[in-house]
Amino acid sequence: MAENGALQLATTRKWRIPLLIFFKDARNVFKMDEIGVGILRIAVPAAMALAADPVASLIDTAFIGHLGAVEIAAVGVSIAIFNQASKVTILPLVNITTSFVAEEDTVQRNDQNSAKKEVIEKGFVTINDEEKGKRHIPSASTALICGGILGLLQAILLIFCAKPLLSIMGVKSDSPMITPARKYLTLRALGSPAVLLSLAMQGVFRGFKDTKTPLYATIIGDVTNVILDPIFIFICGLGVSGAAIAHVLSQYLMSLILLWRLMKEVDLLPPTGKDLQFRRFLKNGFLLLVRVIAATICVTLAASRAARLGPTPMAAFQVCLQVWMTSSLLADGLAVAAQAIIASAFAEKDYQKATTTATRVLQMSFFLGLGLAVVVGVGLYLGDGIFSKDPSVLHIIAIGIPFVAGTQPINSIAFVFDGVNYGASDFTYSAYSMVLVAIASIGSIFVLFKAGGFVGIWVALTIFMGLRTFAGVWRMGTGTGPWRFLRC
């Protein structure tokens, strides 16, 4: 009895230190049980879809790199502006849509199963699973309306504010980068509505735990982009404008494919306007908007510091940044799986499943980061010539390789923590913690840029990702917010 009491006390003490939860069942990290298979079924297609667009941007970079250092630097600045502007609208929309759709779909399925069980128990006619028709998901309709409006607003902003935005990024009116940068940014802006709509629809499919459909649409769109790139850039002689046109056409194709598939599964016309979730979207969307802006400022500020170093350092920074973001986004596949599964688990109040999923994806992310560090380091060292033939650019890229590769484990964990927090609908903490992280990171960018130039920028970005990871560990590791049940 005394031994049992001591064991029970030890167990209780263990669970009063939630930080240990991250090491729970670590030996099962590669186990293909129900949780492991469920995570990979969602994560692998999601990771491939998420990585596809940055890969297409890398291909754009490779093609444009053969036009000259000025052109690749100009496009690098324009892509940075477009991507950061898109993140301000896309990430809140996609993440809120995924969580809300997962919750609504789970509740509806549970209600339908309960109704079926009751009908069968009362001896009525058995219900055929094929008679269920289209799903009625108000969050899906709301997401498409928001995506369309935000896409139009973003297009207008980027088209009419291209010159001042480039100036903020360090590309002045007398810079040789101004003309190609403005052309590329203005043309890419025309694709904003398609980008916002396609990402909103991807959020809906993720909420359904279907990441294969977005993958197929993304592959078709990006293959189209790769085919059109050399045709428009070199054969038609359009240069950077051709690359932008190819990208825009591929985005509209992708959006049409997703809409066609979604209309087969969901009734996109709600019975009444009251069924739409605008208030809920706006409330939580504002919180994530604050978070995204804070994170965006850090990356954009880093890019603007690099632009001030001149075309050659900026060209090298653009290559390093694209590789850094592309490889790190593979971890977002795990984040998508975590968000969808945890959101459903919280809707069912299955806290054991939520905890097990969170710890498993975090452990997976660490090993994924280690693997990416090796692949990225070796790949960029041996393959940097793909992006440029300029010896000066290649020399600076080599300086950035240790940072791009070495931060992969930190990046992977940080991105997966985002999915864990969003799945738990912990949007408030996600916003406020990122603001604090951004304040510290912005200060480090200014200080370290002056002290170390190109290297200083990458040290500051490493600090930025490290603080993001710490914020995630703190929330779940202290058992606060939606994770307070870990203290029981």
Using a 1.4 angstrom probe on heavy atoms only, work out the carbon and sulfur share of the accessible area of segment 121-256 in %. 69
Taking H as built 1.01 Å from N, whose amide H comes closer than 5 Å to the amide H of Arg135, not counting residues under 5 places away? Val266, Asp267
Keeping all protein chains in position, work out how much accessible area His136 exposes to a 1.4 Å probe, and write it in Å² to the nearest 10. 60
If you line up the long axis of helix 391-406 against the longest principal axis of the chain, both from Cα atoms, how many degrees apart are they, to the nearest 10? 20
Leaving ligands, DNA and RNA out of it, rank Arg468, Arg109 by accessible area with a 1.4 Å probe, largest first. Arg109, Arg468
Per residue, in Å², the accessible surface of the chain once ligands and nucleic acids are set aside, probe 1.4 Å: 43
Leaving ligands, DNA and RNA out of it, work out the accessible area of Ser344 with a 1.4 Å probe and give it in Å² to the nearest 10. 10
How large is log10 of I(q)/I(0) for the chain at q = 0.07, 0.13, 0.14 Å⁻¹ when the intensity is taken from the Debye formula with one equal scatterer per alpha-carbon? -0.38, -1.26, -1.44
Once the other residues with Cβ under 11 Å from the Cβ of Ile64 are scored (Lys, Arg +1; Asp, Glu -1), what is the net sum? -3
Got a sec? What order do Phe346, Phe464 fall in by accessible area at 1.4 Å, biggest, i.e. largest, first? Phe346, Phe464
Rounded accessible area of Val44 (nearest 10 Å², 1.4 Å probe): 70
Whole-percent pair-distance distribution, where bins are 5 Å wide, for the alpha carbons of segment 442-488: 5, 22, 18, 11, 11, 10, 9, 7, 4, 1
If N is the residue count of segment 345-488, its Cα Rg over 2.2 N^0.38 Å rounds to 1.26
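Take the alpha carbon atoms of segment 136-196, find their radius of gyration, then divide it by 2.2 N^0.38 Å using N residues; give the quotient. The partial results should precede the final answer.
Working: Rg = 15.1 Å, N = 61, 2.2 N^0.38 = 10.5 Å.
Segment 136-196 yields a ratio of 1.44.
The values are calculated or read from the model by the stated rules, or taken from the named source; none is laboratory data. The model shown is predicted, which means the values in this text are computed figures rather than measured ones. Quick reminder, even Gly has a Cβ in these numbers, built from the backbone with ideal geometry, and neighbours come from all protein chains shown. Accessible surface is based on the protein model in full, side chains and every heavy atom, while ligands, DNA and RNA are left aside. Shrake-Rupley method; radii C 1.70, N 1.55, O 1.52, S 1.80 Å.
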